[in-house]
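S.K.: For reference, the structure I am asking about is given below.
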Amino acid sequence: MFHIPYDKVKHGLGADILIPNMAVKISAINTLYFHLLRTSAGLPAKAPLFAYEDGQGGYRVLTKKVFMECYDRVWRAAGIPVVPYGHSFRI
């Protein structure tokens, strides 16, 4: 469990996020560790949780648009129908 300082419902009160761990290689916990230790290890402490290096010495915040564009490319390449945008797919 970890605390986020701001959320959609409680705003500045934040929320506690519970991530259940499963004994599989691509569990949510393993994926979060990979992100923190590999893809965002060089980011400043003030960077948001889902930020990534921009290749120019800075960072960018992962947005829904960027996330969905990435997955659209993956799904199209695999011949899988694209998930419609909206509440049916959440970051």
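S.K.: Could you tell me which residue out of Thr31, Ala41, Thr63 lies farthest along the dipole of the chain toward its positive end? Charges go on the beta carbon: Lys and Arg +1, Asp and Glu -1, centred on the Cα centre.
M.R.: Projecting each Cα onto the dipole axis, the largest value belongs to Thr63.
S.K.: Extension gain Arg76-Val24, at 0.36 nm per residue separation less the Cα-Cα distance, in nm?
M.R.: 16.1 nm
S.K.: Shifting gears a bit: Could you identify which residue out of Arg38, Arg76, Arg60 has the top mean-square fluctuation in a GNM of the chain using Cα springs shorter than 10 Å?
M.R.: Sorting by GNM fluctuation, first place goes to Arg76.
S.K.: Here's something else I'd like to know. Using alpha-carbon pairs under 8 Å, 6+ residues apart, how would you state the relative contact order of the chain in percent?
M.R.: 12 percent.
S.K.: If you build a Gaussian network model of the chain, linking Cα atoms that sit under 10 Å apart, which residue out of Leu62, Leu49, Leu13 swings the most?
M.R.: Ranking Leu62, Leu49, Leu13 by mean-square fluctuation puts Leu13 first.
S.K.: Here's another thing I want to ask about it. How high is the FRET efficiency between Asp16 and Glu69 when r is their beta carbon distance and R₀ equals 30 Å, given to the nearest 0.05?
M.R.: Result of the calculation: an efficiency of 0.50.
S.K.: Then there's this: Which value, in Å², gives the accessible area per residue of the chain when a 1.4 Å probe is used on the protein heavy atoms?
M.R.: 82 Å²
S.K.: For percent of Cα pairs over 17 Å apart, one of (i) 42; (ii) 65; (iii) 37 was computed from the structure I shared and the rest are decoys. Which label?
M.R.: (ii)
The values are calculated or read from the model by the stated rules, or taken from the named source; none is laboratory data. Only a predicted model underlies this, so the values are computations on that prediction, with no experimental measurement involved. In this analysis, Cβ positions are derived from the backbone assuming ideal geometry, glycine residues included, and neighbour counts consider all displayed protein chains. To get the accessible areas, we keep the full protein, side chains included, count just its heavy atoms, and leave off ligands, DNA and RNA. Shrake-Rupley method; radii C 1.70, N 1.55, O 1.52, S 1.80 Å.
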